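For reference, the structure is listed below as structure tokens.
The values are calculated or read from the model by the stated rules, or taken from the named source; none is laboratory data. Model, not experiment: these values are computed from the prediction. Backbone-built Cβ (ideal geometry, glycine too); neighbour counts: all protein chains shown.
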Amino acid sequence: MAHDHAPANGPGLIEDYALLSDLRTAALVGKDGSVDWLCLPRFDSPSCFTRLLGDHRDGHWQLAPTATVRDVSRRYRGNSLVLETDLRTDTGTVRLVDSMPPHEKNQQDDPCLVRHLEGLDGEVEVRMRWVLRFAYADAVPWVQHVRTEDPTDEYVIGVAGPHAVVLRGDVLPYPVSGELAHEAVFTVRAGERLSWVLQWTSDTDQVAPPLDPDQETRDSEDFWHEWTSRLRYTGEHSEAVYRSLATLKALTFDPTGGMVAAPTTSLPEALGGDRNWDYRYCWLRDATLVLLALDNYGCSDEAAAWRHWLVRAVAGDPADLQIMYGISGERHMWERELDWLSGYQGSAPVRIGNGAFRQLQLDVFGEVMDALHLARERGLQDTARSWDVQRGMLTHLETIWQQPDKGLWEVRGPDRHFTHSRVMVWVAFDRGVRAIEEHGLSGPVGRWKELRDTVHEEVLTKGFNEELGAFTQYYGGTELDASILLIPAVGFLPGDDERVTSTVRAVEQRLRHGVLVDRYEAAEGEHSVDGLHGREGSFLACSFWLVDALAGAGRRDEAVEMFEGLLELANDVGLYAEEYDLHSGRFTGNFPQAFSHLGLVNSAAVLYGGHVRNESVRRGPWSRR
């Protein structure tokens, strides 16, 4: 992967980061041994290390040789999220081992980050630099060294208002003269091993006792190996599939069953632009598709927990249904800008919250109904409450389905009749009809059938442009949109229908660049669909959608070739961002992105199957049309 160098004192390239997660929050660790992003105690909490969105003064924790590093190699241990980074200098090599041990759902242990430094050969002088900043780098903490009555328990604690973390370790940092930073310099020789534990605490008067860092790391490795042992996949490229599945699991919030679209905010879709959004929330669409994918591979517990989260989050008046919620079901994600942060490599503004939660996106009704339909088919029985929620959603959809909306991409331009949204309205009514006819649930099946048929005919009439030979982005338009590649995946038309295959060819001609596919054709000014300035990278999930569409159209060899090309775009530890910028050869957008990894595992199921419960192509009643 060709790319530019990261600026001095600033964050690394997006592709230079690796993910740690304890299923409550996440950290990003760079190739330079620096933790540049960490929110405590939850994914959506304020960060205490924020170098990712600014520079070294905004908080980070780095363990790295003082001399020039000649080579960096890193890997996860097996299928776990225990990260090993080897740093080689002219005098020796050290290995950094990082992890965040997951805890059981009902445990209230404070989140922690565990780091080990091992001497592999020679000797290496190492600098530990610890710059703690709370509230997205807006609060400099009071930092104190504490010696307890136990002579073996010494620690550093940083406190600012409600925020506090404790750092214990074999070497502790001390204040740097003239700086609001702490450092320690020491030598690590072959065979030596040092350890640290950083722990969030809610009670500064009664700090939790020390943890055993070796045991915490073993527990973390054991957790991930046990979890991945339950996965069912025997097809090709299993290492990439397992890494993507582990990444999707890592983005789930275990206490509630919700999940984040990504653990970061404001990583730009275009470097230097303003397409910077907060993805640390639970989109119904994303969570629905991801948790169904996990269930495809044998993770039924996650699907059941998600349905419980969903029913709680959307309970109430169906007219109040939102496209996204907080990870515990919170309704409000007010968007605001943090003007004291310069943004990732100068890409301002930095936003927290996401104003899209107030948008109307009609496709969400179809995604949720489809997910619950598949869960039902797989043996997850409806409760009276869960079916009541679904009936309420469809009753509300009956009154609003003809309205224009913001579409799948939650554009900030004018509302339109987006073709994908209309297809998903069809899905919603279709799955409601099938729930009654195939599973004996109660509801107005005749009315929903009529609406289903009406929407289907409307899409074929208004969404398909005969001159272009393709389904367009919205009714009456001439622009294309990669979301229309999903038409066969949801059973609206078969993959080999001429209208589908000709649409695939049109997408290839106008949106495809090698193995990459743009979301849509972006226009500037008054004709802009998304209401934003500038261009973005290619959306990686769309590239995987084209893989699936090619396979469905009988072009399997081309689909395999494209899939394998996309595998080569992953970073060195198998992670993907939201987008890839072809011109710079760099990742853009939030990282790692659930939608991208979802695309990978779904395409693997389409192409190679294995023991996967492959329902990526979810057949509907189009065979009667």
Here are GLY610, GLY620: which of them is of a type outside the set (A, V, I, L, M), more than 23 Å from the chain's Cα centre (by Cα), crowded, with 21+ Cβ neighbours inside 10 Å and at pLDDT below 95? GLY620
Filter segment 182-230 down to the residues that are surrounded by 12 or more Cβ atoms within 10 Å (Cβ to Cβ), modelled with pLDDT under 95 and among the small types (Gly, Ala, Ser), then identify the one that is farthest from HIS116 (Cα to Cα). SER202
Considering only segment 370-392, I want to know if a residue exists there that is small (Gly, Ala, Ser), in the same structural domain as ASP274 (by TED's automatic domain parsing), touching a Ser or Thr at 6+ places or on another chain (Cβ under 8 Å) and buried (at least 16 other Cβ atoms within 10 Å of the Cβ). yes
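Only one of these is in the same structural domain as PHE591 (by TED's automatic domain parsing), within 26 Å of GLU367 (Cα to Cα) and modelled with pLDDT of 95 or more: THR256, THR264, THR252. Name it.
Values: THR256 fails: modelled with pLDDT of 95 or more; THR252 fails: modelled with pLDDT of 95 or more.
That would be THR264, the only listed residue that is in the same structural domain as PHE591 (by TED's automatic domain parsing), within 26 Å of GLU367 (Cα to Cα) and modelled with pLDDT of 95 or more.
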Look through segment 140-155, keep the residues that are out of contact with any Phe, Trp or Tyr (no Cβ under 8 Å at 6 or more places or on another chain) and in a strand (DSSP E or B), and return whichever of them is modelled with the lowest pLDDT. ARG147
Please find, within segment 156-181, the residue that is modelled with the highest pLDDT out of those that are within 23 Å of ALA67 (Cα to Cα) and charged (D, E, K, R). ASP170
Looking at (1) buried (at least 16 other Cβ atoms within 10 Å of the Cβ); (2) of a type outside the set (Gly, Ala, Ser); (3) in contact (Cβ under 8 Å) with a residue 60 or more places away in the chain, can you tell me which one ARG412 breaks? (1)
Filter segment 78-117 for residues that are of a type in the set (D, E, K, R) and in contact with a Leu (Cβ under 8 Å, 6 or more places away or on another chain); which is nearest to VAL165 (Cα to Cα)? ARG115
Every residue from segment 51-85 that is out of contact with any strand residue (DSSP E or B) (no Cβ under 7 Å at 6 or more places or on another chain) and under 29 Å from GLY326 (Cβ atoms): GLY54, ASP58, SER80
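When you go through ASP90, ASP121, ASP110 one by one, which is the residue that is surrounded by 19 or more Cβ atoms within 10 Å (Cβ to Cβ) and of a type in the set (D, E, K, R)? I'd like the intermediate steps shown before the answer.
On the way: ASP90 fails: surrounded by 19 or more Cβ atoms within 10 Å (Cβ to Cβ); ASP121 fails: surrounded by 19 or more Cβ atoms within 10 Å (Cβ to Cβ).
None of the other options fit; the residue is ASP110.
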Mind checking which strands (runs of 3 or more DSSP E) fall wholly inside segment 1-101 and carry at least 1 residues that are polar (S, T, N, Q)? 17-21, 34-39, 47-49, 60-65, 71-76, 83-88, 92-99
Considering only residues that are more than 19 Å from CYS282 (Cβ to Cβ), in a loop (DSSP other than H, G, I, E, B) and of a type outside the set (Gly, Ala, Ser), which ones fall in segment 321-343? LEU338, ASP339, TRP340, LEU341
Which count do you get for residues in segment 546-595 that are among the acidic types (Asp, Glu), surrounded by fewer than 24 Cβ atoms within 10 Å (Cβ to Cβ) and within 30 Å of GLY491 (Cβ to Cβ)? 4
ASP222 passes all but one of the listed conditions (1) out of contact with any Leu (no Cβ under 8 Å at 6 or more places or on another chain); (2) in the same structural domain as SER328 (by TED's automatic domain parsing); (3) over 30 Å from LEU338 (Cβ atoms); the exception is number (2)
For segment 495-572, please list each of the helices (runs of 4 or more DSSP H) lying entirely inside it that holds at least 3 residues being under 27 Å from the mean Cα position of the chain (by Cα) and either at pLDDT below 95 or among the aromatic types (Phe, Trp, Tyr) (or both). 540-552
Test set (1) under 30 Å from ALA262 (Cα atoms); (2) modelled with pLDDT of 95 or more - LYS449 fails condition number: (1)
Number of the exception - ALA371 against (1) farther than 24 Å from LEU480 by Cβ; (2) at pLDDT 85 or above; (3) touching a Leu at 6+ places or on another chain (Cβ under 6 Å): (2)
